[in-house]
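One structure is given here, and the rest of the page talks about it.
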Amino acid sequence: MTDIITCPSGLTGRIRGMKVREERALADRKLARAGGQVDELLTACWEETVGPGPYDFGGAVIDWGKVLQGDRFYALLEIRTLTYGPDYAFSVPCQNDACRARIDWELDLGDLPVRPLSEESRAAFLAGNRFESALPESGAKVWFRLMTGEDERKVSRLRRSEGERLLSAMLALRLVEVEGVAAKDLRRFVEELSMRDADALLDELDRVDCGVETSIEVECPECALAQDVELPFERTFFMPGRGRTARRRGLSGSSPA
Ligand SMILES: [Zn+2]
């Protein structure tokens, strides 16, 4: 079974559902640590590029390292949906400290809002992936980039090495240039940012990006608290059968394997 999809940037291609052999890539811990699982899966299931959107792959096969994070994630959701259907069941802990119940939730992945790449962002991406902004407090003029597959790999390395400094490491990764600041001092510039400027920058990164909205609202069945959560990616995302088995046994369907 195949399907033709158009990603948020306009990148269009034919995908197929996952086969049993792709499970090996998903179960490969070494690949997971290196951040290569998603690339393996995208490469395997993307059969043909129909329209390259804003990318220039030099006429050759698609290079997922150059593709925007928003497109990659969209394609991944579509591959998952083509393989197992759109229903995704997971559970998250209630954020109410007095409750902490497990919230079992199920949603239709097709209902997640998708934001296309705007004309303005497409132009900035084509002009070398450089987006200009001015920070409200310091007035600093900065240029940043939208995340691509190559950046995602860097982030999975940072997750292991940076710990609580992850936020500044990730901001530094996306800053291309700051007016009047040498490249070697970018990291220090980020560390010294006021929270107001950092917030404004994160908002701007969000505003110009494309992709799938993964912040969703769930409601706790125990204490009725409505809360925003980031869609979790559990084993059941790519192997929903395991979730079904666990639920039949009356266990949580989401314990990480
Ligand atoms: Zn609760």
Considering segment 175-199, residues that are open to solvent by less than 70 Å² (accessible area, probe 1.4 Å) and among the small types (Gly, Ala, Ser), and then whichever is nearest to residue 131 (Cα to Cα), we arrive at 198
Residue under evaluation residue 132, criteria (1) out of contact with any strand residue (DSSP E or B) (no Cβ under 8 Å at 6 or more places or on another chain); (2) away from the ligand (no atom under 16 Å from the Cβ); (3) without any contact (Cβ under 8 Å) to a residue 12 or more places away in the chain, criterion not met
(1)
The one condition in (1) within 16 Å of the ligand (Cβ to nearest atom); (2) more than 21 Å from residue 237 (Cβ to Cβ) that residue 127 fails to fulfil:
(1)
Search result, residues across segment 25-44 that are more than 16 Å from residue 234 (Cα to Cα) and among the polar types (S, T, N, Q)
43
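Answer yes or no as to whether residue 148 is open to solvent by less than 30 Å² (accessible area, probe 1.4 Å), more than 16 Å from the ligand (Cβ to nearest atom) and touching an Asp or Glu at 6+ places or on another chain (Cβ under 7 Å).
Details: open to solvent by less than 30 Å² (accessible area, probe 1.4 Å): yes; more than 16 Å from the ligand (Cβ to nearest atom): yes; touching an Asp or Glu at 6+ places or on another chain (Cβ under 7 Å): no.
For residue 148, the condition - open to solvent by less than 30 Å² (accessible area, probe 1.4 Å), more than 16 Å from the ligand (Cβ to nearest atom) and touching an Asp or Glu at 6+ places or on another chain (Cβ under 7 Å) - is not met.
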Looking at segment 2-29, which of the residues that are open to solvent by less than 20 Å² (accessible area, probe 1.4 Å) and β-branched (Val, Ile, Thr) is nearest to residue 128 (Cα to Cα)?
5
Could you list, in sequence order, the residues of segment 83-107 that are away from the ligand (no atom under 16 Å from the Cβ) and modelled with pLDDT of 95 or more?
none
Taking the residues in segment 30-67 that are under 18 Å from residue 15 (Cα atoms) and among the acidic types (Asp, Glu) as candidates, determine which candidate is surrounded by the most Cβ atoms within 10 Å (Cβ to Cβ).
39
Can you tell me which of 176, 190, 155 is away from the ligand (no atom under 16 Å from the Cβ) and either assigned to a strand (DSSP E or B) or under 22 Å from residue 111 (Cβ atoms) (or both)?
176
Of all helices (runs of 4 or more DSSP H) fully inside segment 194-257, the set with 1 or more residues that are modelled with pLDDT of 90 or more and closer than 20 Å to residue 99 by Cβ is none
Long-range neighbours under 9 Å by Cβ, at least six apart or interchain, first residue β-branched (Val, Ile, Thr) within segment 199-221, second within 16 Å of the ligand (Cβ to nearest atom) and open to solvent by 40 Å² or more (accessible area, probe 1.4 Å):
216/105; 216/228; 218/105; 218/226; 218/228
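The values are calculated or read from the model by the stated rules, or taken from the named source; none is laboratory data. Worth saying up front: this structure is predicted, and the values here are computed from it rather than measured. Quick reminder, even Gly has a Cβ in these numbers, built from the backbone with ideal geometry, and neighbours come from all protein chains shown. With ligands, DNA and RNA removed, areas are computed over all heavy atoms of the protein, side chains included. Shrake-Rupley method; radii C 1.70, N 1.55, O 1.52, S 1.80 Å.
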